[in-house]
Amino acid sequence: MGTTYNFHKRFSKVVTLTVYDFPVSYSDDYFLDIMNDIGYVRTFKDQQLPGTNVHKRVREVEIEIKNDKEKDIPQVIILKAHYRDDRVRVVTPGQPSPCFRCEKLGHSRKECPLRGPEKKEQTVPKVLPPVQNSKTPVPEAKKYVVKRVTQSPPVPPAQSTVPEVKKQSLEQ
C-alpha cells in the first residue's frame, strides 16, 4: 500500500501586476478567471483610500508565470459586454505603459497626439517623448480580448408592499 502524492507544477517567476480600471460590476471570480489565463494567481487585493473603506478600482495581483510567457502579459484587457467595451490597463514592472487614449507606447494620455491642441499647450510633459524615426512605426500595446460569457443574474421586479387602493365612486 503506497502513498500517492499530487505535485503542483510550479511556474518559474513571480510578477506583481497593477491592474487599473477593472469595473466593479464584474465579480472577483471573473477577475481571477481572466488572470488565471495569464498565470497562476497567488494573491490579489483591492487598493483602498487610506483610512476609509472606499475602493479605488485598482488591484495588485501577484502572479506566477513561466519565464517564456512574461512577454505575453497583456497591457490592455478589453472586456466585451453586450452594451459596451471596458478597457482595463495592466502595468507590469519593466514594461512601458501604453497610452490609454490611442493605446500606443511611448507617451501617456496627457501627452497623446490625439489630444486637442488647446489642452496640449497647458501641460508640460514629465519626460521627453522618445525620438521616432518617420519610417519606424510606433508599437501598440498588447491586447487581450475577453467576451463576457456570464451575465449578471437579472434583478427580479420589485414587489410592491403598498396595498392597492380601490377607487370609490363619488356618486352615491
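Every number here is computed from the coordinates shown, using simple stated rules; none is lab data. Everything numeric in this text was worked out from a predicted model, so none of it was measured. Here Cβ is always computed from backbone atoms with ideal geometry, including for glycine, and neighbour counts include all displayed protein chains.
Oblate is the label for region 24-67. Its Cα gyration tensor axes, ordered a ≥ b ≥ c, give a/c of at least 1.5 and b/c at or above a/b. Taking 18 Å as the limit for the C-alpha separation, the pairs Lys71/Lys143; Lys110/Lys143; Lys69/Lys143; Lys45/Lys66; Lys45/Lys143; Lys104/Lys143 exceed it in the case of Lys110/Lys143; Lys45/Lys66; Lys45/Lys143.
Computed from the Cβ-Cβ distance with R0 of 35 Å, the FRET efficiency linking Thr16 to Ala81 stands at 0.80. Going by a ≥ b ≥ c, the root eigenvalues of the Cα gyration tensor, does region 38-99 fall in the rounded group (a/c under 1.5), the prolate group (a/b larger than b/c) or the oblate group? Oblate is the answer for region 38-99, as a/c is 1.5 or above yet b/c matches or exceeds a/b.
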